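Notes follow the structure.
The values are calculated or read from the model by the stated rules, or taken from the named source; none is laboratory data. It should be emphasised that the depicted structure is a prediction, and the values quoted were computed from it without experimental measurement. Glycine also receives a Cβ, built like all others from the backbone with ideal geometry; neighbour counts cover every protein chain displayed.
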Amino acid sequence: MVILKTINSQIAQSFMIVQQLGTDFIPANPIELIANYTDISKFDSCYNRCYLNFKCRTVVSDTTWPFICQLYEGSIDTGTLIPSSSSTSRVSNFLYNATDYSHYNQTCNINAFTLYRFLMCSNGLWCCPDATYWNGSICLNAAYYNHSCNTNDACRSDVGLLCDPVYHKCLCNSMMIWNNTSCINDPSMTITWPNPTSMNYREYANLYRIDVRSQFDHCSRI
């Protein structure tokens, strides 16, 4: 049986879908594991750890020793729900809707950072957390290799992926290859790059799908 669980904080109310016992979760990429606790023996304590981490969207908990509590940044629909070898293991995930993001792009105070779990306070504005992007309504998990995209923000740049402007897919740049986890240097390719401050650097970057946001653009999630 799937249960809807309500979690209240000082300024907001959140909802979690609690899956049946005997379930486990495989993330789309191992890097999505935020934390792995082995000293939490209660479901609610594990859920609260997830709630207090704005990156956490899915949690796996087990009240049988060694008391597993795993926090993942990927939504449950980005990974795979599978049967667990433990009959007391259970997967839970937060529900997200547009009302949760009513503060998006509004002025924020960094001191209130931990009170509002759906967004992060960056440069004085409420923004999508890292590894997520704004789709016009909510913050979605950025995608991995070969998934559809329209902007670079929609791809996991922390593993080297960019949105190819021709194919509209999350791909590595032309000097790298995908190893099923991240983009790595292609040993068969060598090239000498111009200085990033030179006028023709953008031309090279566009040709070889190099992410130039860190060179030219300020952090913006509008």
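General observations
- Flag if residue 58 is crowded, with 18+ Cβ neighbours inside 10 Å, of a type in the set (Val, Ile, Thr), free of Cβ contacts under 8 Å to residues at least 40 places away in the same chain and within 22 Å of residue 147 (Cβ to Cβ): yes
- Test: residue in the stretch 34-53 that is out of contact with any Leu (no Cβ under 9 Å at 6 or more places or on another chain) and basic (Lys, Arg): yes
- Restricting the stretch 41-79 to residues that are of a type in the set (A, V, I, L, M) and out of contact with any Lys or Arg (no Cβ under 7 Å at 6 or more places or on another chain), the residue that is nearest to residue 95 (Cα to Cα): 76
- From 102, 86, residue being touching an Asp or Glu at 6+ places or on another chain (Cβ under 9 Å) and more than 16 Å from residue 153 (Cβ to Cβ): 86
- Qualifying positions in the stretch 15-40 - surrounded by 15 or more Cβ atoms within 10 Å (Cβ to Cβ), modelled with pLDDT under 90 and closer than 16 Å to residue 64 by Cα: 40
- Restricting the stretch 61-86 to residues that are within 18 Å of residue 143 (Cβ to Cβ) and in contact (Cβ under 8 Å) with a residue 60 or more places away in the chain, the residue that is surrounded by the most Cβ atoms within 10 Å (Cβ to Cβ) is 74.
- Selected residue (criterion: surrounded by the fewest Cβ atoms within 10 Å (Cβ to Cβ)) from residues of the stretch 133-177 that are assigned to a helix (DSSP H, G or I) and among the small types (Gly, Ala, Ser): 157
- Taking the numbered list (1) in the same structural domain as residue 137 (by TED's automatic domain parsing); (2) at pLDDT below 50; (3) of a type in the set (A, V, I, L, M) in turn, residue 222 passes all entries but (1).
- Total residues in the stretch 28-61 satisfying the condition of being more than 30 Å from residue 180 (Cβ to Cβ) and of a type in the set (Asp, Glu): the figure is 2.
Residues checked against (1) free of Cβ contacts under 8 Å to residues at least 12 places away in the same chain; (2) closer than 25 Å to residue 53 by Cβ:
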{"residue": "128", "(1), (2)": "no, yes"}
{"residue": "137", "(1), (2)": "no, yes"}
{"residue": "148", "(1), (2)": "no, no"}
{"residue": "153", "(1), (2)": "no, yes"}
{"residue": "167", "(1), (2)": "yes, no"}
